[in-house]
Amino acid sequence: MAFTIAIDGPAASGKGTIARQLAARFGYAHLDTGLLYRAVGKQMLDGRDPLDAAQALTPEDVAGEGLRTNAVGQAASRVAALPEVRKALLDFQRAFARRDGGAVLDGRDIGTVICPEAEAKIFVIASPETRAERRHKELVEAGHDLSYDEVLADVHERDERDMGRADAPLKPAADAVTIDTTALGIDEAVARAIAVVEAARG
Ligand code: CDP
Ligand code: CDP
């Protein structure tokens, strides 16, 4: 039977961390949908047409190296504003969401567009400064040389583009539960998310 957990939110809000832990806890499959857009964005940076890239996307592209950089995140957000690119990635995400045995998807439009019928919807937020701090720490630990201010500017730019686009903008579904992780440790944020899912499972 299908049971879908939709997790949406802005960059570095903590949605991936929550999604992975929910998937492990309930034994559901997990899809980080941001990686699909990152894989297309990376190919655009390499000179490929983004629509061609989206239509021909393979699991190898999505599992590839180098998708977690700031430049690729920005490119992802640019290709994600193209309706044809979103359309090319739609069926795969929908089928994943409704697979037997349960699924957790995290992204920007899971609860609004990909799976409006999701049984549990969570919208994860945190202040831009907190998110920039978290992402900066991750990038520095991964060996990237960039400042907190650069990461904060990137966070603001992506927020604006992702919330402002016409097709599938970042916003909470009407029936989503919002979790603000600004002042929450990971364990507390995950505990709240588990409570939302338990309530939906009845
Ligand atoms: O991990 P982070 O939140 O920084 O980014 P991501 O989830 O990997 O997403 C990268 C970009 O892909 C976002 O800035 C969005 O523009 C786009 N995206 C989207 O439009 N829809 C999704 N379901 C997931 C990502
Ligand atoms: O998927 P998303 O981009 O929304 O964020 P993430 O990858 O789950 O989290 C970004 C970073 O913030 C990771 O290094 C997490 O360990 C950290 N984090 C945190 O410090 N506190 C939280 N409540 C959630 C995540």
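The values are calculated or read from the model by the stated rules, or taken from the named source; none is laboratory data. Quantities reported herein were computed from a predicted structural model and do not represent experimental measurements. Cβ: placed from backbone, ideal geometry, glycine included. Neighbour counts: every protein chain shown. These accessible areas exclude ligands, DNA and RNA; they are computed on the full protein's heavy atoms, side chains included. Shrake-Rupley method; radii C 1.70, N 1.55, O 1.52, S 1.80 Å.
Among residues belonging to segment 132-177 that are open to solvent by less than 40 Å² (accessible area, probe 1.4 Å) and under 15 Å from residue 69 (Cα atoms), point out the one that is farthest from the chain's Cα centre (by Cα).
146
Just one of 27, 9, 64 is of a type in the set (Gly, Ala, Ser) and within 20 Å of residue 178 (Cβ to Cβ); which is it?
9
Report, ordered by the first and then the second residue, all pairs with beta carbons closer than 6 Å, sequence separation of six or more or different chains, a first member in segment 108-123 that is within 15 Å of residue 22 (Cα to Cα), and a second member that is modelled with pLDDT of 95 or more and near ligand 1 (Cβ under 8 Å from one of its atoms).
Close Cβ pairs satisfying both conditions: 123/8; 123/9.
Would you pick out the residues in segment 178-194 that are open to solvent by 60 Å² or more (accessible area, probe 1.4 Å) and not β-branched (Val, Ile, Thr)?
Within segment 178-194, 180, 183, 187, 188, 192 meet the criteria.
State which residue pairs qualify: first residue part of a helix (DSSP H, G or I) and inside segment 52-74, second residue surrounded by fewer than 12 Cβ atoms within 10 Å (Cβ to Cβ) in any location, beta carbons under 7 Å apart, and separation of 6 or more residues or different chains.
Once the first residue is part of a helix (DSSP H, G or I) and sits in segment 52-74, its partners that are surrounded by fewer than 12 Cβ atoms within 10 Å (Cβ to Cβ) give 72/66.
Among the listed residues 16, 9, 101, which satisfies the condition of being open to solvent by less than 60 Å² (accessible area, probe 1.4 Å), at pLDDT 95 or above, in contact with an Asp or Glu (Cβ under 9 Å, 6 or more places away or on another chain) and at positive phi?
Only one candidate passes the filter, namely 9.
Hey, among the residues in segment 109-127 that are buried (at least 21 other Cβ atoms within 10 Å of the Cβ) and part of a strand (DSSP E or B), which one's farthest from ligand 1 (Cβ to nearest atom)?
Filtering first and then ranking leaves 120.
Exactly one condition in (1) within 26 Å of residue 2 (Cβ to Cβ); (2) within 13 Å of ligand 2 (Cβ to nearest atom); (3) in a loop (DSSP other than H, G, I, E, B) is not met by residue 106; state its number.
(3)
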